[in-house]
Every structure is written in C-alpha cells, then in structure tokens.
Amino acid sequence: MLNVAVIGLGWWGRIIVDLLAHSEKLRVVRVADVSPLAESFATERGIRFSTQFEEVLKDQDVQGVVLCTPHSQHTPQIVEAARAGKHVFCEKPLSMTRADVLEAVAAVESAGVALAVGHEKRFEPPILEVMRLVKAGALGTPLQVEANFSQDKFLALDSSNWRLSGKEAPAGPMTATGIHLLDLAVGVFGEAETVHASVKQLGSPLTNGDTLAALVTFKQGGNALISAILATPFAGRFAVYGSAGWAEVRDKTHPEAPEGWTLTTCLRGERAKSVDIAPAPAVLHNLEAFADAATGKAPYPVPREQMIANVSALEAIFRSALNGGIEKVEG
C-alpha cells in the first residue's frame, strides 16, 4: 500500500480522492489546497488537510504525491517532491515546455523516485488492444492517426477558473482534452517532427478558444489529425490506419463516468468487425500502475522518453496556435 497526498482539491482532485478510497494499492493520508474552504471536504472524509505544499513534503507518512494543480505549477512541484524523496503522479500536461519536462524528468531520475502522468486513456481496454495490434504489426505500417476528444463541461465553469486562462491553457482545448490524443499518437509513432495547429473561439464565451485542429507529423513517418472542442456535447474517437488494416475506438460516454466503448477493426481481405467493450476504471488503473512502479512491483508502462516527446510536441502546438504557422518540434 502506497500512502499518498492529493494536492489540489478542485473538480478532478476530489474525484481522485474518492476514487482512491476503493483502491487496494494506494491510501490517501493527506490532502492539500491553497483554499482553506477545501478543508471541509477533507474533514468529511477524515483526512488530514494542509494549505501548504511544503507541509506535505515534510510528512514522513506521505510516500507519494498526486498533483491535481494548475498546469504551470507542475514542474516546480515535481522537482520539489522528488527532492523530498516523494514519488510523483502528475495530472496532464506533465509540463508546459520541453525545458520544463526535461527538468522534471532529471529531478525524479536523480532522486530515484517514480514518475507517472494522468493519461488514463492509455489504460482503457480498447486502447490497450489497439496498441497491441500496432506493436504486433497486425495493422502493418502505421500511416495515420485520427482522433477527437470533445466535451462541453467547461461551459459551466466561472470565467475566472484557471482552466480557462491563457496562461494555463494557451491553446484552448489542447490542455483539456487534446493532450490525451497527442499522447496516444506519440505512443503509436514516437517523437513528433512538425505541428500545424488552429485554435478559434467559435461557439462559446471561452476566450482562449473552444475549437482546435492540429496536424502533427512524426520523425519515423506518419501523421496525426487531432480535433478537440469545448463547445459541443461529448464525443470521443481514436483511430489508427495502417498499411494492412485499421482500428477505431469510440467512447460511449465521457471517461468521468464510463459506460464502455465500441472497438472496430478491419484487416485487409476481411470485413470490419465491431465489438462492445464493458466499462473499466482506467483512471484507477493508471494510479495503481503508479503505485506498482513506486513499490518496485512493475515498471510504469508509459516510457519517460514518450512523456518528453508529448510535452515537446505540445509546446510546438502552443507556438503554432499563436502564430498560425508550421512549427518544428524541438528535440
């Protein structure tokens, strides 16, 4: 059992705390939030509460931290936690720039602690099956990824919410949902080479953009077409097209309350086949994979070089969305 502290008790942080109450691998022993108003949430659950991150890092009962904080705080918090000898699970995006993610990874490697990131889509059963098909060569040479992750949950947020700020979300939907799809594309193709992104405000009051489209090319070949929208009801799709076949996953509901997926595959010379896949707690599985890595039971399944590649491409998307041009990915 890994004792953790959840840092940040906003919408997602509270979901994580309640989710971990059902885990056999992690135990929440402390929570922290800059707002004293969050203490009532901790009190109701009988968990110690702090307003200072530093207090958590001094707590010898805390073996790891789960960061559910604003994006720009991730890198310094990862570095501080690593220096304090704490394992780190960080919500996406891991960092906002390539320089920052390199600093974060260097800190955890120097400290010898585990690092995990909140890309739970990698732990969804149909995504695992698609990645297995890709790795096994069943789809032939991967040619292109097409993916969409859209929702309208942010329309209910107050305009002052950090998730809507230009500082924390400089390319609108990208840090909210698009980053998951970019991560999956990196899982298929590896390091990105160039990006061309467009972000517009078309159907909402979200001033930093509600509609994103991005074309990402990769060093080993292949493209990813990524769409993310914050002004339409939920839609989720991930498809990989290869030289010998294709596979597509469609979400039935938002991952916050999953009701399963439909996986369709089509190999050359065969008819397309669709199967329904039952819901699974992918968020919990990701967190428990972090616990296994922290306790030495199994390596964390997302390689650190892919964490770096994802953030490197993300930073290029930020630049492209700002200037409208094609941007080369560093690294």
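Quick notes on this structure:
- Loop-exposed trypsin sites (Lys or Arg not before Pro) per DSSP, neighbour cap 14 Cβ within 10 angstrom, longest uninterrupted part of the chain: 1-166
- Site pair THR207 and GLN220 shows an inter-label distance of 4.3 nm when each label is modelled 7 Å from Cα along Cα→Cβ.
- Alpha-carbon centroid distance for the pair region 286-311 / region 155-201, whole angstrom: 22
- Distance between modelled label sites at LYS200 and ASP152, nm, 7 Å Cα→Cβ extension: 1.9
- Note on region 1-107: the C-alpha convex hull projects to 6.2 nm² when averaged across all orientations.
- The slack between SER159 and LEU102, meaning 0.36 nm per residue of separation minus the straight C-alpha distance, is 17.3 nm.
- Computed from the C-alpha gyration tensor, the three semi-axes of the ellipsoid equivalent to the chain are 31, 22, 20 Å, from longest to shortest.
- The relative contact order of the chain comes to 18 percent, based on Cα pairs under 8 Å that sit 6 or more residues apart.
- Of ILE78, ILE16, ILE317, the one that fluctuates the most in a GNM where the chain has Cα springs shorter than 10 Å: ILE16
- When the pairs LYS121/LYS167; LYS121/LYS200; LYS25/LYS58; LYS92/LYS121 are compared against a 19 Å limit on Cα-Cα distance, LYS121/LYS167; LYS121/LYS200; LYS25/LYS58 fall above it.
- A cut-off of 5 Å between modelled amide H atoms, ignoring neighbours fewer than 5 places along the same chain, links GLY140 with ALA244.
- Residue order, fewest to most beta carbons within 10 Å, for MET96, MET131, MET174, MET1: MET1, MET131, MET96, MET174
- Over all pairs of different C-alpha atoms, region 126-209 has a mean inverse distance whose reciprocal, the Kirkwood radius, equals 14.9 Å.
- Residue among GLY245, VAL329, LEU128 farthest towards the positive dipole end of the chain, charges placed on Cβ: GLY245
- In this structure the amide hydrogen of ALA116, modeled in the peptide plane, comes within under 5 Å of the amide hydrogens of VAL88, PHE89, CYS90, none closer than 5 places in sequence on its chain.
- Efficiency of FRET from Cβ geometry, GLU168 and SER40, R₀ 35 Å, rounded to 0.05: 0.85
- Magnitude of the charge dipole for the chain, about its Cα centre and with charges confined to Cβ atoms of Lys, Arg (+1) and Asp, Glu (-1), is about 540 debye.
- If both residues of a DSSP beta bridge must be in the chain, then about 65% of such bridges are antiparallel.
- Estimated from helical segments only, the mean residue ellipticity of the chain at 222 nm is -9500 deg cm²/dmol, where each DSSP H run of four or more residues counts as -39500 (n - 2.57).
- For region 306-316, 3J(HN,Hα) per residue [Karplus equation, 6.51 cos²θ - 1.76 cosθ + 1.60, θ = phi - 60°, Hz, x = Gly/Pro]: 6, 4, 5, 4, 5, 5, 4, 5, 4, 4, 5
- Anisotropy class of region 166-276 from Cα gyration tensor, a/c 1.5 cut: oblate
- Highest-MSF residue in the chain out of HIS71, HIS180, HIS254 [GNM, Cα springs under 10 Å]: HIS254
- Ranked by how many other beta carbons lie within 10 Å on average, peptides 202-209, 305-312 from highest: 305-312, 202-209
- Residue among THR175, THR207, ASN148 farthest towards the positive dipole end of region 121-328, charges placed on Cβ: ASN148
- DSSP bridge orientation in region 79-220 - percent antiparallel, rounded to nearest 5: 75
- Theoretical FRET efficiency, 1/(1+(r/R0)^6), r = Cβ-Cβ of ILE277 and GLU54, R0 30 Å, to 0.05: 0.10
- Across all directions, the shadow cast by the convex hull of region 119-172 built on its C-alpha atoms averages 5.5 square nanometres.
Any read-out appearing in this document is the output of simple, stated calculations on the displayed coordinates, not a laboratory observation. The structure displayed is predicted, hence computed values, not measured ones. Cβ: placed from backbone, ideal geometry, glycine included. Neighbour counts: every protein chain shown.
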